[in-house]
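The values are calculated or read from the model by the stated rules, or taken from the named source; none is laboratory data. From a predicted model like this one, the values you see are computed outputs, not experimental measurements. Glycine gets a Cβ as well: all are built from the backbone with ideal geometry, and neighbour counts include every protein chain shown. The accessibility values were calculated without ligands, DNA or RNA, using every heavy atom of the protein model including side chains. Shrake-Rupley method; radii C 1.70, N 1.55, O 1.52, S 1.80 Å.
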Amino acid sequence: MDSFENSFTVSPETQKFLCERLLDQDQPISERFRALFSLRNLRGSGPRDALILATRDSSNLLAHEAAFALGQMQDVDAIPALEAVLNDLSLHPIVRHEAAEALGAIGLESNVSLLKKSLVSDPAQEVRETCELAISRIEELKNVGNKTFMMEVSPFLSVDPATPALCSSIDQLREVLLNEEKSMYERYAALFALRNHGGDEAITAIIDSLGASSALLKHEVAYVLGQLQNKTASAALSRILKDVNEHPMVRHEAAEALGSIADDQSVSLLEEFAKDSEPIVSQSCEVALSMLEFERSGKSFEVINLKVHFVYSQSDFKNGLTTMSVAVPLHAETSSAASLIVKLLSHLPYY
């Protein structure tokens, strides 16, 4: 495959509306997230600048999601702003953590020096661990080469913080994931390999890793369980959401994962904890419930339905170019949309 791109365009008026909606603090948090999820699928200075401003929002949940979006967009022009967020100790650790992860997702070798500073100086363990993880990802990109690395498209269309481990043994992957002596990158790589493998044994191993000592790892585990949308994880995720002594970033991801699983018990719990005293948790529940309401009504949570335009270039094809357009909402956590796109891509000729 010579090239694989996705591009999205909206009118200037729509882009202006989305940027203003994102930054309007008088709007409900769920409405602002709808705008954010749409903007992260666009390119250009307008969406980027709005998301950068959002990283300083009074809502730590929205601010961290904006930083995450900039990383998923892999926009190199966002690097100075992400560096500033990472270095600003007045910001919540969950926001600084996401800025570090975004720098790793963008993947430039020059980001290593930025990350190393916070690796040794940031007072929050979850931020330091994220810096370690991001540095390892960038070093791996350098070692294997960007082109080879980028050919491996995540089945969930997300830019993952680590490349899935090549090992195919669930037992071995489980051992690495649960081993507190292994590096964070090795454990993340095992986690994503188990996610991609799927099946009951793999999911059980992932659930068991919610007992890890690292809040960073546990939050990623909850995120992955949300991607998998397997009801087997409901009880464990519910326990985390209920635990007021757990790190807010872990409870937040548990809430969003329960929203993806969406059984009756999960929905009831989200409604209960939408009143939680920790805003990161209560707002996560509010957003999860809103997403679920849109999904059940057959509507897209994004403010707009973006047409996903895949361009597949192959010199042996007639005219050297074919295109395929799929009208689906693109959101990394929405595995149904991601699965549909990957399934359609599998029917493209490959030489």
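Things worth noting here:
- Cα gyration tensor, the range 238-303 - rounded (a/c under 1.5), prolate or oblate: prolate
- Residue among V85, V127, L18 farthest towards the positive dipole end of the range 10-149, charges placed on Cβ: L18
- Overall shape: prolate for the range 99-149, with the ratio a/c of the largest to smallest alpha carbon gyration tensor axis at 1.5 or above and a/b above b/c.
- Surface composition of the range 1-89: carbon and sulfur atoms hold 47% of the protein heavy-atom accessible area at a 1.4 Å probe.
- Annotation: per residue accessible area for the range 10-149 equals 39 Å², rounded to a whole number [probe 1.4 Å, protein chains only].
- Sulfur and carbon atoms: percent of accessible area, the range 209-269 [1.4 Å]: 44
- Peptides ranked, highest mean first, by Cβ atoms within 10 Å: ranges 19-31, 71-83: 71-83, 19-31
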